[in-house]
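Below you'll find the structure, written out as structure tokens, and then a few comments.
The values are calculated or read from the model by the stated rules, or taken from the named source; none is laboratory data. Small disclaimer: the values here were computed from a predicted structure and weren't measured. Please note: Cβ atoms are built from the backbone with ideal geometry, for glycine as well, and neighbour counts cover all protein chains shown.
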Amino acid sequence: MNRRPLYWLMLTLLLVAMSELQTMGMLPDMARSLGASTAAIGAFISIYSFGMAIGGPLIAWALRQVAPKTALLGVVTAYAVLEAAVPLVHNYWWVAALRLLTGTLGGAVFGLTLTMAARLAPSPDRIASSISIVLNGLMLGAVLGLPISHAVATAWNWQTSFVALGGAGLLIALLDLRTLPILPAASAQTTADELQQLRSPRLWSRFLVSLLTIGATYGAFSYFTPLLEQDAGFSSHATTAILFGYGLCTVIGNNLVGRYADRHAVTLLRIGHLVLAGSLVLLALFAHLPWAALPGVLLVGLVGVTMNPALVVRVVEVAGAGNLVNTVHTSVITLGVVVGSAIGGAAISGTGGTTAVAAMWTGAILAILATCALTAQGVARQGNTSLANAGVADTVQTQTRPAGCHVVHGGSPGVGGQAACP
């Protein structure tokens, strides 16, 4: 498998992931410059995520019959221009509008990179490994986005961070132009098939598992800093090092899941959900003990967002690897981030706001709900398989028994019934 295009797609996704979190590392500087509160600047992350969740599928629909490479180049270029334009405005609401637009384009980039990764896989049983390479950009962006933006803002100013990422986006667009292969655009029939799949309850049940899994992870991760510093007693520098270790664990876990998800997606998700829930319960019960908090955080890094390749494979199994389905899936994942963080924040506020432990409990509950949803899917699938097998057996027996025989005792021969022959 030629992995070079996958690494360029990884860099493209890295750009989006770094941009999503960059304002978190520059909150005080942006607040002073724009005359807004720190909380108002923090809302830029939610605004960006909202754009990804809602706007991404709209752009995917608008570009549904454009070749993936052409669509990606156009979206990344527009993204880079809008990112670099942020320092040109000096009003909070104009910056918020630009963050909403870049979030919308970011959602489209996410969907397009995953679609191209799936289509570049050498065979259907290598889709997860291809996707995991690209998703490394998401993992690394979450690790690097905040500290790099903070360092740039400290050395120069917050505007420089936006200009730098905008310039990087234009450079990546040029590299994508030279290195990415040309893939055919989706046909009208393919688009119609995707729309039909999006009406499938089976697909949305898998989307639900994705939302709960990512919601469980981010419901806890969003509050790791106060948990480590206030509850566990780590210093600010130690917390930074631990969060960096968390990021490295996400990269390791993502590659491990990607290696085995094509053949063992359900097993990986079951194990991942159980370990995730157990790790969050550990953090909730023993957050005040540094020796328990540290491995708990690292375990969440290994089994949280790293389940993305398995989640994507489960969606591809029932709906294919089309751009529209992938973009809607990334929107669901983004909603998981927003919902999980909001529930965790509400739990902390509801318990007095003095400790982040409540967010660990809500994360554990969401992980358990994800396990229940996955189990319910397995039970439903086994039930459908049993009914199908019973129908086949009944048909075979009907075709093979002698003329004049009939089934009695309410079953089919060999499945609880008996054949009565004259």
Checklist entry - Any residue at all in the range 24-36 that is surrounded by fewer than 19 Cβ atoms within 10 Å (Cβ to Cβ), free of Cβ contacts under 8 Å to residues at least 60 places away in the same chain, part of a helix (DSSP H, G or I) and hydroxyl-bearing (Ser, Thr, Tyr)? => result no
Next on the checklist: Can you say whether Ile242 is closer than 21 Å to Met360 by Cβ, at pLDDT 85 or above and either part of a helix (DSSP H, G or I) or not basic (Lys, Arg) (or both), as far as the supplied structure shows?
Outcome noted: yes
Checklist entry - Can you tell me which residue in the range 122-132 is farthest from Ser222 (Cα to Cα), limited to those that are buried (at least 20 other Cβ atoms within 10 Å of the Cβ) and either out of contact with any Gly (no Cβ under 7 Å at 6 or more places or on another chain) or basic (Lys, Arg) (or both)? => result Ile127
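For the range 327-343, does any single residue satisfy the condition of being without any contact (Cβ under 8 Å) to a residue 12 or more places away in the chain and within 19 Å of the chain's Cα centre (by Cα)? Walk me through how you get there before you give the answer.
Going residue by residue through the range 327-343, those that are without any contact (Cβ under 8 Å) to a residue 12 or more places away in the chain are 342.
This time we only want the ones that are within 19 Å of the chain's Cα centre (by Cα), so: 342.
Within the range 327-343, one or more residues are without any contact (Cβ under 8 Å) to a residue 12 or more places away in the chain and within 19 Å of the chain's Cα centre (by Cα).
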Next on the checklist: Would you confirm whether or not the range 229-239 contains a residue that is of a type in the set (A, V, I, L, M, F, W, C), part of a helix (DSSP H, G or I) and in contact (Cβ under 8 Å) with a residue 12 or more places away in the chain?
Outcome noted: no
Checklist entry - When you scan the range 60-116, how many residues do you find that are of a type in the set (D, E, K, R) and more than 25 Å from Trp8 (Cβ to Cβ)? => result 1
Next on the checklist: I'd like to check something: does the range 180-201 contain any residue that is at pLDDT 85 or above, part of a helix (DSSP H, G or I) and not hydroxyl-bearing (Ser, Thr, Tyr)?
Outcome noted: yes
Item to check | Sole residue being modelled with pLDDT of 85 or more and either touching a strand residue (DSSP E or B) at 6+ places or on another chain (Cβ under 7 Å) or closer than 21 Å to Tyr7 by Cα (or both), chosen from Gly219, Gly145, Gly167, Gly215 | outcome: Gly167
Next on the checklist: Among the numbered criteria (1) assigned by TED's automatic domain parsing to the domain that holds Leu294; (2) crowded, with 17+ Cβ neighbours inside 10 Å, which one does Ala173 miss?
Outcome noted: (1)
Checklist entry - Out of (1) at pLDDT 85 or above; (2) under 25 Å from Phe44 (Cα atoms); (3) small (Gly, Ala, Ser), the odd one out for Ala117 is which? => result (2)
Item to check | In the range 48-106, residue surrounded by the most Cβ atoms within 10 Å (Cβ to Cβ) [restricted to those that are modelled with pLDDT of 85 or more and polar (S, T, N, Q)] | outcome: Thr102
